Amino acid sequence: MNHSHNLLSPISTQAPPNVFTVVSHSVTPQRLDDASKQLPVPTNKFYENLLLDNGTQPVWPLPYGVRWEKGQTNGILGLSISHADDSSKVFGPDPNADPVRYFYSPYIPSLSVSAAEFDQTHSLTVSKLDEFSAQLRLSPSNATTASYISIPIVRGMGFITAQYNQLTPVFNSAVNFRQIELADNAEQGWVKYRIQLEDGNNWLLYAKPQNANESLKLNMTNATVKAVSGVFTGLIQIAKLPQNNTPAETLYDQSAGTFATAGKLKVINDGTGKYSIKWNTTEKQTKPLLHFALPHHIDSFANTGKGVVRTNIQLQSPTTGIMTAYLGNEWVFEEKQLNNVGFLPEGWKSHLTQEKIDAILEQATNDTASDFKAQTLDKNSVYFSGKGFAKLAQVCLIVNDVLKNKSLGAECLNKLKTVFESYIVNNLTFPLQYDATWKGIVSSEGFKNGPTADFGNTWYNDHHFHYGYYIHTAAIIRHLDKNWGKKNEEWVDSLLRDVVNPSSDDKFFPTFRTFDWFVGHSWSKGIFSSADGKDEESTSEDVNFYYAMKLWGTVSKRTNIAKLADVMLAVQARSLRNYFLMEDDNTVQPKNFIKNKVTGILFENKIDHTTYFSTRMECIHGIQMIPTTSITPYVRSNKFVNEEWEEVLSSLVNNIPDGWKSILQMNYAQVNPNSVYTYFSQNPDAPLDDGLTRTWALFWSASQKPPQ
């Protein structure tokens, strides 16, 4: 690959510095093939459930969900397929409320891909783990190497495609079969069946035997369809027909036989914000690839009509709106609104009066005199320590770059470097370690205090939330002290590589641990199996990581890193506007959910307007706001901020007794900075969030452009 044209070059290929003790994790990936065990294993990808515990929790490639069945549902075996239309989604707790608090799609095995030779001891092997895909192999318990079903699960796959080798096909349904008919319009060499289930949904099944002299003949009983033609070797593909869309069948016919096995990501280094996904198909597939795109894809397609063609086939996804099928195996996107954000908000100088500068200096003097160790190292938490470091780094930034106070700036920076050095040298109560099992930097606390210690960091939860604060701190220190950065670059890069290693050339970390290039945002859940799949709660801390990445790339003069972060931030901003931060005219999420304004926790299969730690409304909204930095308005539009304030937050803000009030105020400064400056300047004892200083609060509200 020519890295001059692609931003996915490695940050480093060296082993992490030996300050990180190498350990083995107590959880090991299950059902992996031998080759995959030698490579870094992803921890936060959509297929993770298959590698954890007993492997029988569902995964959502989208638009379908699939699940390994070992008899837990109606005795079904093999790989089941589920798809729920919007009419089947469950809303609650009061389905008549507007807005409802949550909704989800029930996982119901509409069809399963199986074999007569399977019993409850049949095996699953997972291989070829990639950004958009994994390869599954189902084998009988007494299998020979030639007896298996191979199934690629690929983000957006138009068909569930199963390659049978010397097994007798069986298909089950938890909703039962109403009828199955042999279609008379199958292409030569193919067999095609139309299947209607008892829920009224219609599915198509295509089969192409490897041997032209063979065929596939199916016989139906109530909940089972079985091949009466015996052992089968060949291709079987299954797709759901959208309701009330007769032409869809013709399009499926025209694409049957072609399917994606993986996707290749490219982020183009030309400053245009272009990136692409090339869907790999197997050899001799001459028909157009039919593949489903999400709403944020459709908004940014750059090659519609030239490389990809939109169809009228649409299927609902569980939590990210209606997906539309496109023909074409290379998707090119362009994000035209790249950010030009630096350390400080754009135009900050023009809004600062001398009176406000004096007030900021007085507060910065107090904050610089505060106990840095108590706010950072004494937290004994990767997360809370990180918040402490970043807020103090912002004070140093203000003193040096805004107030231009050399003596106070030197005092602040020296104090910050002293406490930060404890992390650099790993002199901590719970040192960071390099886990050689999953290949990542983890807190040692979880090995002592359990999987959920420090929000599950040791189990790969929230690494982008946690490490973003450290990278932001390091970027500010290096910005203020050019000599500091080079000496500590390897340490900072290790945290960066842990979360966002962009290249498989780096064998010490998986690529893009948390960021999902298909859905356009990160997933925070690590190696915990989950019935509703991966999830994300704090969109703002997700954004904060890639903002920190951009700053670190800038100050370390590695434009590849900064440019990649710019593209990722643009993709993320688009994705969050579609799925998480809902303006009144949002057309993606259900109408009876939009008035919540923010999703709360978005799972792959459920959205719940709550948090993991509180049901308080200010927490549900505030966790989407922290930390407030110069990148915040790029993601949270003034329109959204104003709507959220008027419709939800203004009525409760004055009754909040703790630091969450400061978070809501910081957010509101974007549209009413004078009011917020007055609040912070006239209430010097008002509680603050532990990731916020009054220095930054005063500066932020004083530097925002008042509304026109």
- For segment 236-267 the number of residues that are out of contact with any Ser or Thr (no Cβ under 7 Å at 6 or more places or on another chain), outside any loop (DSSP other than H, G, I, E, B) and either more than 19 Å from Thr161 (Cβ to Cβ) or in contact (Cβ under 8 Å) with a residue 40 or more places away in the chain (or both) is 12
- Turns out the helices (runs of 4 or more DSSP H) fully within segment 614-655 with at least 2 residues that are at pLDDT 95 or above and assigned by TED's automatic domain parsing to the domain that holds Asp462 are 617-622
- Collect the residues in segment 298-323 that are out of contact with any Phe, Trp or Tyr (no Cβ under 7 Å at 6 or more places or on another chain) and not hydrophobic (A, V, I, L, M, F, W, C), keeping them in residue-number order. Asp299, Asn303, Thr304, Gly305, Lys306, Gly307, Asn312, Gln314, Gln316, Ser317, Gly321
- Note on the structure: When restricted to Thr539, Thr599, the only residue modelled with pLDDT of 95 or more, over 25 Å from Val442 (Cα atoms), buried (at least 24 other Cβ atoms within 10 Å of the Cβ) and touching a Phe, Trp or Tyr at 6+ places or on another chain (Cβ under 7 Å) is Thr599
- Neighbours by Cβ (under 6 Å, 6+ apart or cross-chain): first from segment 410-430, assigned by TED's automatic domain parsing to the domain that holds Lys487; second assigned to a loop (DSSP other than H, G, I, E, B) and surrounded by 14 or more Cβ atoms within 10 Å (Cβ to Cβ): Val419/Thr376; Asn426/Val19; Phe430/Ser444
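One line per residue, one yes/no per condition, for (1) touching a residue at least 12 places away in the same chain (Cβ under 8 Å); (2) farther than 30 Å from Ala84 by Cβ; (3) not in a strand (DSSP E or B):
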site	(1), (2), (3)
Gln314	yes, no, no
Thr320	yes, no, yes
Met323	yes, no, no
Phe343	yes, yes, yes
Ile357	yes, yes, yes
- Name the residues in segment 431-473 that are of a type in the set (D, E, K, R) and more than 23 Å from Asp535 (Cβ to Cβ), would you? Lys448
- Message: Step by step: first the residues of segment 268-313, then only those that are touching a Ser or Thr at 6+ places or on another chain (Cβ under 9 Å) and basic (Lys, Arg), then the one that is nearest to Leu129 (Cα to Cα). Which residue is that?
- Response: Lys287
- Message: I'm told Asp53 meets every condition in (1) farther than 30 Å from Phe430 by Cβ; (2) in contact with a Ser or Thr (Cβ under 8 Å, 6 or more places away or on another chain) except one. Can you identify the failing condition by its number?
- Response: (1)
- Query: Name the residues in segment 388-409 that are in contact (Cβ under 8 Å) with a residue 12 or more places away in the chain and not in a helix (DSSP H, G or I), would you?
  - Reply: Leu403, Asn405
- Go through segment 175-227 residue by residue and tally those that are farther than 16 Å from Ile238 by Cβ and among the hydroxyl-bearing types (Ser, Thr, Tyr). 2
- Message: Just the residues that are small (Gly, Ala, Ser) and within 20 Å of Lys240 (Cβ to Cβ), please, taken from segment 49-91.
- Response: Gly65, Gly78, Ser80, Ser82, Ala84, Ser87, Ser88
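The values are calculated or read from the model by the stated rules, or taken from the named source; none is laboratory data. Quick caveat: nothing in here was measured; it's all calculated off a predicted structure. Don't worry about glycine lacking a Cβ; one is built from the backbone with ideal geometry, like all the others, and counts go over all protein chains shown.
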